[in-house]
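Q: Following this message is one structure expressed as structure tokens.
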Amino acid sequence: MNAFNSLMDGFGTALTPVNLLWAAVGVLLGTAIGVLPGIGPAMAVALLLPVTYGLEPTGAFIMFAGIYYGAMFGGSTTSILLNTPGESAAVVAAMEGNPMAKSGRGAQALAAAAIGHFAGGIIGTILLVALAPTVADLAVDLGAPDYFAIMVLAFIAVTSVLGSSRVRGLASLLIGLTLGLVGLDQMTGQQRLTFGSLQLADGIDVVIVAVGLFAIGEALWVAAHLRRTSGEAIPVGRPWLGKADVKRTWKSWLRGPFIGFPFGAIPAGGAEIPTFLSYVTEKRLSKHKDEWGKGAIEGVAGPESASSASAAGTLVSMLTLGLPTTAVAAVMLAAFQQYGIQPGPLLFEREPDLVWGLIASLFVGMVLLLALNLPLAPVWAKLLRIPRPYLYAGILFFAAVGAYAVGGEALDLVILLIIGLIGFGMRRYGLPVLPAVIGVILGPNAEQQLRRALQISDGSVSGLVDTPFSITVYAVIALIVLWPLLRKLLVRGRRSDADVKA
């Protein structure tokens, strides 16, 4: 009841005209910036930090929250329409959203994403209000073996359901893990796969890899086939969700938050793992398995809902522990410190107006985001009416601008082209792109957690399975790996029983 009363006070703060204005400005700026590949929510918040120096802390953080959610949806827009993820959390949206757009259902994909963001944000924020202390306690109890087990689960789950074979999925994952090795060893500081280049010492940015594999690889693939196929514009289709679409997606919208929120709240979480796992879950539960890879709307609705809920989850650790679990949370933590405010267990007591005003503004921001982007879905989808030679020339331009904006180095453009050629080769030989991206994102973190776990156990492999949580996760992994064999044995058993009865 105390949380509910505090939330009502927060709405009193968030619904003042000035704070409503900042929320609207944040959503608009976030959506506009998120559409640009390479400039995700973290960079957007960082770029706008100096602008907020003259604002009150409450207004500044309300605007930051609007930027966060708006940029996440903006990244999904280009991911769906142009196969160009604006940030790593939007990578999964391209898997089913872009085939939908190519088949004339871009507006439906964007509408499913917008409603998914709304549902995930609302449910995630409700969970933030209700479960923040409990989830924070759980996050503190997890150790390096648990984090490593979660990441192995993400590797196995994605490679086992994507592509025409598990071997190709594992080959794609190996490419991503190799790209993730580039840079300095996080433990020893030694250079790995840098070929003596100082620019590669910081590694290859995830955005450059995602944009290269998806956008550049797709553009090269389309260019290679334009002579054989016509370069006509892609039809937009009807600009609304039909009853069949809603019937297929409402469960996905509701499932996503319960996958996204916990992963957003734990350290080393963020939106990447839950969007991948939501995609896997929806594919497992789908009754339309033949549509996956060709434009299954559940593959957009579930991951986008999980992504939005994870954004609410990141605020749990940041507000209650002062522990940032994503790049955006780290930038917002710096903003708190800029105002002389230290997030932690006492923040709710010392700055209740700011904290509950921020949480209430999340509800307001989600409503504004839905009201802004749902009517604009058909407008965004009309981008696809541009003839493909011009459309993909524009994609190459914006992808290059986004990649250059990440580090401001000309070498980034060379790396982008090389990774684009790798993406083209992966399409040529039927390798799924997503395992490579998840390998780049999670590979360095998985390596770090593995080495920490082994250090704690003095090099003993048993140290990886010495907690109930890690044992449970590895049991799930074993089930995923062995399920095809178990299914064959079950089918044979049923056939033999039927033969005996006959």
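Computed from the coordinates by the stated procedures, all read-outs in this text should not be read as laboratory data. Everything numeric here is computed off the predicted structure, so don't read it as measured data. Cβ placement follows ideal geometry from the backbone for every residue including glycine, while neighbour counts extend to all protein chains displayed.
Q: Starting from the amide H of Gln191, placed 1.01 Å from N in the peptide plane, find each other amide H under 5 Å away whose residue is 5 or more places distant or on another chain.
A: Answer set, sorted by chain and number: Asp185.
Q: Give the aspartates and glutamates whose C-alpha is closer than 12 Å to that of Lys283, dropping any in the same chain fewer than 8 places away, or say none.
A: Within reach: Glu96, Glu291, Glu298.
Q: How far apart, in nm, are the 7 Å Cα→Cβ label points at Leu131 and Tyr429?
A: 4.2
Q: What's the FRET efficiency of Arg451 with Lys243 using the Cβ-Cβ distance as r and R₀ = 60 Å, to the nearest 0.05?
A: 0.70
Q: Something else now. Anything over 19 Å Cα to Cα? Flag those among Lys251/Lys488; Lys294/Lys488; Lys102/Lys294; Lys102/Lys287; Lys247/Lys289, in the order listed.
A: Long pairs (Cα-Cα over 19 Å): Lys251/Lys488; Lys294/Lys488; Lys102/Lys287.
Q: Assuming 0.36 nm per residue, please report the length gained on full extension of the stretch Arg350 to Val461 beyond their Cα-Cα distance.
A: Answer, rounded to one decimal: 35.5 nm.
Q: Could you rank the peptides 441-452, 482-493 by their average count of other C-beta atoms within 10 Å per residue, with the highest value first?
A: 441-452, 482-493
Q: Taking the mean number of other Cβ atoms within 10 Å as a proxy for protection, how do you rank 105-111, 453-459 from highest to lowest?
A: So the order, starting with the most tightly packed, is 105-111, 453-459.
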